[in-house]
Amino acid sequence: MNNLLIISEQAAQYEKLITAQTLPDLNIHLAQDTEQAKDVINDVNIILGQPALIAPLLKYASKLQWVQSTFAGVEALCQPKLRTDYCLTGVKAVLGPLMSEYVFTYILALERHIFTTQKHQHNQLWHSLPYRSLTGLTIGICGLGSIGQAIAKTAAHFQMKVLGLSRTAKPMQYIDKVYSPDNICELAQQVDYLITVLPHTKHTQHMINEKVLQALGSNGVLMNVGRGAIIDEQALIESLRNKQIRGAVLDVFQTEPLPNDSPFWTLDNVLITPHNAAVSFPEDIYKIFCDNYLRFTQQQPLEYLINFDDGY
Ligand code: OXD
């Protein structure tokens, strides 16, 4: 018999969806937070849930074999001192379309001046602002996993020029040219929109720094839907204040929720969202869990295995 702990703010929803599948040999325990989980953690061999809620439980989970993350970002479970003697699987493929919708919501809103036009409407002003077509604009996507590839596909649909950045710099479908991290400034200086979808790892910490922002220049917009730590926030605040870049769209921050005294709140060239560009819908994620559970019970390799050293 397998003992599964579901630890998530949406634990009850996950339980309902998984129970309906009548998976073989499975007992389910629920917890909404780490304290609740401590009662059962000693018995469980599988955990499904949010990485930051799971990390403090690892040391108590003496029978642990497999963790299925409900989030794409698994950095909380890839910290140097944490154990790695179990299989960690992530969620790929499902978050790409949502992330892509977010990115293009903001690109189109900015290019079509939605926010200014709405102000005009409030003032009963009939005033046509000049705008550009996305055709011919250039987007740079840092991070070419399933999410980055989904954004690239949508960008190609709009006939944008698509540049990408990945550790291997391997050519990819929908991407005109792929750069390696060493050449990030060369990429940044060509783009109208620089999108970062990167996970937080030792290689990506502060990858977007003063030099990259300078290369992006006053026509460029930075959009971060990866992790806050990828950006040197002090350098970004300076470059936004001095209008060295056109603006930023930020869904993730070094400290979340964004503190009340953060300068980001008051800058007029920033659009802020509360880390919700692509939320994990249980209706999507439970399917990954169920498929992997059947593999687990049949001793087949699990899908979307995370490499603890790489952090993704
Ligand atoms: C995720 C997130 O990692 O929502 O999935 O940030």
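Being out of contact with any Phe, Trp or Tyr (no Cβ under 7 Å at 6 or more places or on another chain), hydrophobic (A, V, I, L, M, F, W, C) and touching a residue at least 40 places away in the same chain (Cβ under 8 Å) is a property that Ile184 has.
Condition test on Asn219, is it surrounded by fewer than 17 Cβ atoms within 10 Å (Cβ to Cβ) and either touching a strand residue (DSSP E or B) at 6+ places or on another chain (Cβ under 9 Å) or more than 21 Å from Pro257 (Cβ to Cβ) (or both)? Against the criterion (surrounded by fewer than 17 Cβ atoms within 10 Å (Cβ to Cβ) and either touching a strand residue (DSSP E or B) at 6+ places or on another chain (Cβ under 9 Å) or more than 21 Å from Pro257 (Cβ to Cβ) (or both)), Asn219 qualifies. Between a first residue in the range 116-132 that is closer than 19 Å to Asp268 by Cβ and a second residue that is part of a helix (DSSP H, G or I), which pairs have beta carbons less than 7 Å apart while being 6 or more apart in sequence or on different chains? Sorted first by the residue in the range 116-132, then by its partner, the pairs are Leu129/Thr116; Leu129/Thr117.
The single condition among (1) within 16 Å of the ligand (Cβ to nearest atom); (2) of a type outside the set (A, V, I, L, M, F, W, C); (3) surrounded by fewer than 17 Cβ atoms within 10 Å (Cβ to Cβ); (4) more than 16 Å from the chain's Cα centre (by Cα) that Thr297 does not meet is (1).
Out of the residues in the range 66-81 that are assigned to a loop (DSSP other than H, G, I, E, B) and without any contact (Cβ under 8 Å) to a residue 60 or more places away in the chain, state the one that is farthest from the ligand (Cβ to nearest atom).
Our first condition is that a residue be assigned to a loop (DSSP other than H, G, I, E, B); within the range 66-81, this holds for 70-74, 78-81.
Now narrow it down to the ones that are without any contact (Cβ under 8 Å) to a residue 60 or more places away in the chain: 79-81.
Values: Gln79: 15, Pro80: 20, Lys81: 21 Å.
This residue is Lys81.
Looking at the structure I just gave you, is Ile195 under 21 Å from the mean Cα position of the chain (by Cα) and either assigned to a strand (DSSP E or B) or at pLDDT below 95 (or both)? It is true that Ile195 is under 21 Å from the mean Cα position of the chain (by Cα) and either assigned to a strand (DSSP E or B) or at pLDDT below 95 (or both).
Residues in the range 221-260 that are more than 17 Å from Met99 (Cβ to Cβ) and basic (Lys, Arg) were compared, and the one that is nearest to the ligand (Cβ to nearest atom) is Arg246. Filtered by the rule that a residue be of a type outside the set (A, V, I, L, M, F, W, C), within 15 Å of the ligand (Cβ to nearest atom) and touching a residue at least 24 places away in the same chain (Cβ under 8 Å), the range 268-282 gives Thr273, His275, Asn276, Ser280, Pro282.
Those helices (runs of 4 or more DSSP H) of the range 83-175 in which at least 1 residues are within 16 Å of the ligand (Cβ to nearest atom) and surrounded by fewer than 21 Cβ atoms within 10 Å (Cβ to Cβ), considering only elements entirely within it, cover 96-111, 146-157.
If you scan the range 231-270, which residues turn out to be among the hydrophobic types (A, V, I, L, M, F, W, C), in a helix (DSSP H, G or I) and surrounded by fewer than 23 Cβ atoms within 10 Å (Cβ to Cβ)? Working first, answer last.
Taking the range 231-270 first, the residues among the hydrophobic types (A, V, I, L, M, F, W, C) are 231, 235-237, 240, 245, 248-250, 252-253, 258, 264-265, 267, 270.
Checking which are in a helix (DSSP H, G or I) leaves us with 235-237, 240, 264-265.
Across the range 231-270, the qualifying residues are Ala235, Ile237, Leu240, Phe264, Trp265.
Consider the range 1-56 and keep the residues that are under 17 Å from Ser69 (Cβ atoms), of a type in the set (Gly, Ala, Ser) and touching a strand residue (DSSP E or B) at 6+ places or on another chain (Cβ under 7 Å). The one that is surrounded by the fewest Cβ atoms within 10 Å (Cβ to Cβ) is Ala31. Being within 16 Å of the ligand (Cβ to nearest atom), over 23 Å from Gln205 (Cα atoms) and outside any helix (DSSP H, G or I) is a property that Ser218 lacks.
For the range 274-294, the set of residues classified as surrounded by 15 or more Cβ atoms within 10 Å (Cβ to Cβ) and within 18 Å of the chain's Cα centre (by Cα) consists of His275, Ala277, Ala278, Ser280, Pro282, Asp284, Ile285, Ile288, listed by residue number.
The values are calculated or read from the model by the stated rules, or taken from the named source; none is laboratory data. Since the structure is predicted, the reported quantities are computational estimates derived from the model, not experimental observations. With ideal geometry, Cβ positions are generated from the backbone for all residues, glycine too; neighbour counts draw on all protein chains shown.
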